[in-house]
Structure formats: structure tokens, C-alpha cells
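Below you'll find the structure, written out as C-alpha cells, and then a few comments.
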Amino acid sequence: MSVALSFQMRVHKWMLACFGAEVTADIPERSHRFLEEALELTQSIGCTREEAHQLVDYVFDRPAGNPAQEVGGVMLTLAALCDPAGLDMRMDGESELARVNQPDVIAKIRMKQQTKPHRSPLPGSGWVDDRSTGEMRE
């Protein structure tokens, strides 16, 4: 079994334990959370709101791509971004999975999920993840 598949399977198990099957399988919800995290990453290393808006318009003015090819593109560009930024995508992914697997963090994430408007792309209120420290706070 490859490391990536092993990580993906462990994330899937965490998702089921934290959110249940319905949220785990909700493609629009997962898509929104992925986009949110991608934006937070690029913001953290200097991408501006204006640049992000330009890219949203550029992407959505073109036809949709093939999901499997786009996953490959995401993985390639994430690895290519991590290298010059001095980040280790595998180690950072493992660290984040270990952090969110803590019972107190799972409880806080569930509380935040309960405040989220159903079918909204925006995250819930209540507990938020402090991106500067990685801690959950009110």
C-alpha cells in the first residue's frame, strides 16, 4: 500500500469518526473545505485577495477539467510550492492529522460544524481554527 493511499485512508477514517458518513461523502462540502484550505495556504505565503479573485475568474471562465487529472495537478503543484517555501507536505499532513485526531479537537470541530449553515460554502461560527497557532478557539 502506498504512503499516499495510507494517508488518504486514515483521513477517511478520521472523517467518519468526526463527522459521520453523510458529511464525509458530501462532495460540495468537501470541495468548499478544500478551497478554503488552499486559499488559507496561499494567503499564508503572500497571495493577495486580488490575485485570488483574478485566478477565480480565470478558472471559472474556462471549461471544467477532468477530476482525476486535476487531482494530479493539485498534488504536483502542492509539492512544487512546498519545496521553495521550505515546507514538507508529507510531514505537515501527518502533523495536522495527528492534531485533529485529538478528542478535544474533534469535539471543537464538531461544535463548529453544528453552527455551519446547511449547504453553505462558508464555515460555521463558534470555534475557529486560529491559523497562526493551529489551535481551536472561540
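The values are calculated or read from the model by the stated rules, or taken from the named source; none is laboratory data. Since this is a predicted model, take the numbers as computed values, not measurements. Positions of Cβ are generated from backbone atoms using ideal geometry, with glycine treated the same way; all protein chains shown enter the neighbour counts. Side chains included, ligands, DNA and RNA excluded: accessible areas come from the protein's heavy atoms. Shrake-Rupley method; radii C 1.70, N 1.55, O 1.52, S 1.80 Å.
Tabulated data for the structure shown
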item	result
Number of the exception - residue 34 against (1) under 25 Å from residue 115 (Cα atoms); (2) surrounded by 12 or more Cβ atoms within 10 Å (Cβ to Cβ)	(2)
Where a residue in region 71-90 is without any contact (Cβ under 8 Å) to a residue 60 or more places away in the chain and of a type in the set (Asp, Glu) and its partner, wherever it lies, is part of a helix (DSSP H, G or I) and open to solvent by less than 80 Å² (accessible area, probe 1.4 Å), with Cβ under 8 Å and at least six apart	88/82
Failed item in (1) open to solvent by 60 Å² or more (accessible area, probe 1.4 Å); (2) part of a helix (DSSP H, G or I), with residue 93 passing the rest	(1)
Some residue of region 29-46 being at pLDDT 90 or above and not in a helix (DSSP H, G or I)	yes
Matching residues, region 96-116, being among the aliphatic types (A, V, I, L, M) and open to solvent by 50 Å² or more (accessible area, probe 1.4 Å)	98, 107, 111
Matching entry among 3, 23 (being modelled with pLDDT under 95 and closer than 23 Å to residue 87 by Cβ)	3
Test: residue 45 is open to solvent by less than 70 Å² (accessible area, probe 1.4 Å) and touching a helix residue (DSSP H, G or I) at 6+ places or on another chain (Cβ under 8 Å)	no
Residue list for region 57-73, filter: part of a helix (DSSP H, G or I) and either of a type in the set (Gly, Ala, Ser) or surrounded by 12 or more Cβ atoms within 10 Å (Cβ to Cβ) (or both)	68, 72, 73
Region 1-28, subset part of a helix (DSSP H, G or I) and under 17 Å from residue 75 (Cα atoms), residue most open to solvent (accessible area, probe 1.4 Å)	8
